[in-house]
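For reference, the structure is listed below as structure tokens.
The values are calculated or read from the model by the stated rules, or taken from the named source; none is laboratory data. Everything numeric in this text was worked out from a predicted model, so none of it was measured. Here Cβ is always computed from backbone atoms with ideal geometry, including for glycine, and neighbour counts include all displayed protein chains. We work out accessible area using only protein heavy atoms, side chains counted, and drop any ligands, DNA or RNA first. Shrake-Rupley method; radii C 1.70, N 1.55, O 1.52, S 1.80 Å.
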Amino acid sequence: MRIGLGSPLGVLLTGLASFTMMGFAQGLIGPALPELTRNFSLPEGAAGLLVSAQWGGSAIGVAAIYFWSHRITPRLALAILAVGGAGLTLQPSWVLMLISALVFGTGYGMATAVFNPRVLQAFQTRGASMVGLLNAAYAAGAILSPLAFVALGNSSMLAFGTAAAAYLVIWLFAAEPTREAIVQSPSKARTGFKPHYPLLVFAALGIGLEATLAGLGPTALIRAGASEAQAAQLLSGFFFTFLAARLGLGLVADRIGSFTLYVAAMALTVLASGAAVMGQEGVAFVAMGASAGMFFPAIFVTGARKMGDDPRVTPVILGSALVGGIGMPLLVSWLGAGLGEMGFFWLVLAISAPAALAAALSLRSMAR
């Protein structure tokens, strides 16, 4: 039996399953970096390229949606996710690992750009809450992945193999949307839009921090003295608060301004990174999961409201976010290697503090 993608419920159910496994696979990257560094004899910080490769692939997927939104279906995104996951499972060489992460990221970007606007539009007045629920499913998968990684003997091959198989199963059970559904959802006529550049900068900063925390956080915790098992458990706690924040957004998204939530998320990052550099890095890292969980839904809903429903709006918002997702982990990984055991958290503080101030000063204009 297949789940039809032409109805709101079908889109939501398939999206929930897809986002759960997207979170599961992406949540594996951070715990896997120490193992991959050893297996491929990489220099310190080089494994962080895997994080940027995944986000670079996401940029390719979003760009594909921008130019060919009428041709890209959820099943195509799932097929590409499965192929990328298979490459991450086989791990034939470091170069092919990076290519596989790029392919996986392409499917990730496509799925994000396909499901988020369809769910937002399908549920109309409840759209913001449903987007929060959809992205909460991502967090649920990300909570399970570090625990699964440890349970599987710290074997990224087994863990990524589980994700690749799940994408294939979802693909098999998801029916193609009808032609009418494709036309009515993300492929509306291009009505013209004007990019809101300050918002796009905030998107890059927020998603850049999310990618950096989730991807490089476990390595930073190990450098600060945690064992690999402890770092994986803390990452699971990070994604637990990530999930709690996104579930909470589903309850308050219709009553609190979306950019107000963004400001709150950035302020929490400042407070938590400050606590980390004072020696409370474990608790602080878990707390930062809440802020990471709020960045994307808050900025996406704000962007959709400010920039309209032209089909190019979603790819532009996601594209700007991916600039941060690609660039910030590279920057932090490179700079943090020479800044000592707390260098990572000092860099997060240095990025989030001015971003929080700028967001607070922009709150009134963003709320309009």
Restricting the range 192-224 to residues that are assigned to a helix (DSSP H, G or I) and among the aromatic types (Phe, Trp, Tyr), which is modelled with the highest pLDDT?
Phe202
Among the residues of the range 331-366, write down those that are under 19 Å from Met278 (Cβ atoms), assigned to a helix (DSSP H, G or I) and at pLDDT below 90.
Gly336, Gly343
Picking from Met307, Met328, Met366, the residue that is of a type outside the set (Val, Ile, Thr) and in contact with a His (Cβ under 6 Å, 6 or more places away or on another chain) would be Met307
Just checking, does the range 243-257 include any residue being touching a helix residue (DSSP H, G or I) at 6+ places or on another chain (Cβ under 7 Å) and over 21 Å from Ala140 (Cα atoms)?
yes
Subset of the range 11-30, residues more than 11 Å from the chain's Cα centre (by Cα), open to solvent by less than 10 Å² (accessible area, probe 1.4 Å) and not hydrophobic (A, V, I, L, M, F, W, C), comes to Thr14, Gly15, Ser18, Gly30
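Quick grid of which residues meet (1) of a type in the set (Val, Ile, Thr); (2) open to solvent by 40 Å² or more (accessible area, probe 1.4 Å):
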| residue | (1), (2) |
| --- | --- |
| Ile207 | yes, no |
| Gly215 | no, no |
| Ser227 | no, yes |
| Ser273 | no, no |
Hey, does the range 73-81 have a residue that's surrounded by fewer than 23 Cβ atoms within 10 Å (Cβ to Cβ), of a type in the set (Gly, Ala, Ser) and in contact (Cβ under 8 Å) with a residue 40 or more places away in the chain?
yes
What number of residues within the range 236-252 are surrounded by fewer than 24 Cβ atoms within 10 Å (Cβ to Cβ) and either among the aromatic types (Phe, Trp, Tyr) or under 20 Å from Ile299 (Cα atoms) (or both)?
9
Looking at this structure, is Ser41 among the polar types (S, T, N, Q) and open to solvent by less than 20 Å² (accessible area, probe 1.4 Å)?
no
Tell me yes or no: at least one residue of the range 32-51 is basic (Lys, Arg), under 25 Å from Gln233 (Cα atoms) and part of a helix (DSSP H, G or I).
yes
If you take the residues in the range 280-296 that are in a helix (DSSP H, G or I), open to solvent by 10 Å² or more (accessible area, probe 1.4 Å) and of a type outside the set (Asp, Glu), which one is farthest from Met342 (Cα to Cα)?
Phe296
